[in-house]
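Reviewing the structure listed below.
Rule-based calculations on the coordinates, nothing more; no lab input. Quick caveat, the model's predicted, so the values are computed rather than measured. Glycine also receives a Cβ, built like all others from the backbone with ideal geometry; neighbour counts cover every protein chain displayed.
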Amino acid sequence: MRILIVEDSDSVSKMIEALVKGRGHEVQTAASGPRALELAITTEPDLVLLDLHLSGSYDGFEVCRRLRADARTEAVPIVIISALDDSESKQRALETGANAYYTKPFSPMALLKEIEGFQSRIG
């Protein structure tokens, strides 16, 4: 699977990257919303792991909204990984088009299980 990790914390990004690469997935990373959108269009990921707190002009909610609004990325599964633990953020993320929501710190095994679930649906 091709996975796009959108995370502005370098240490968190590297940890998630090591986790999913260890399972044989191809990984691209982006630290900003605009870069994430650019990579999503050009690399056509099978899954996006998206933080909500991003520096720059687009936060994760906006990235999610824009991915859903574009015919090229509207069906790509989006998993939110965020420090925001309130029900309002979770609800907003799901309404914006996220498929799943994980709160930091998250269980690496639970995330891998989620990824495998999407992988089995993709084929």
**OP:** Show that you can apply the helix-only estimate: for the chain, add -39,500 (n - 2.57) for every DSSP H stretch of four or more residues, divide by all residues, and state [θ] at 222 nm to the nearest 500.
**Re:** -14500 deg cm²/dmol
Original post:
Which net charge results when you count Lys and Arg as +1 and Asp and Glu as -1 among the other residues whose beta-carbon is under 14 Å from that of residue 114?
Top reply: +1
Subject >> Alpha-carbon centroid distance for the pair the range 71-123 / the range 1-63, whole angstrom >> reply: 12 Å
Subject >> From the coordinates shown, Cα Rg over 2.2 N^0.38 Å corresponds to which of (1) 1.09; (2) 1.32; (3) 0.94 >> reply: (3)
**OP:** Describe numerically, in nm with one decimal, the distance between label points set 7 Å from Cα along Cα→Cβ at residue 72 and at residue 12.
**Re:** 2.7 nm
Original post:
Using the Cβ atoms and a cut-off under 9 Å, what net charge is assigned to the surroundings of residue 31, where Lys and Arg are +1 and Asp and Glu are -1?
Top reply: -2
Subject >> Computed label-point distance, nm, for sites residue 59 and residue 87 using a 7 Å Cα→Cβ extension >> reply: 2.0 nm
Original post:
So what is the relative contact order of the chain, in percent, for Cα pairs below 8 Å that sit 6 or more residues apart?
Top reply: 22 percent
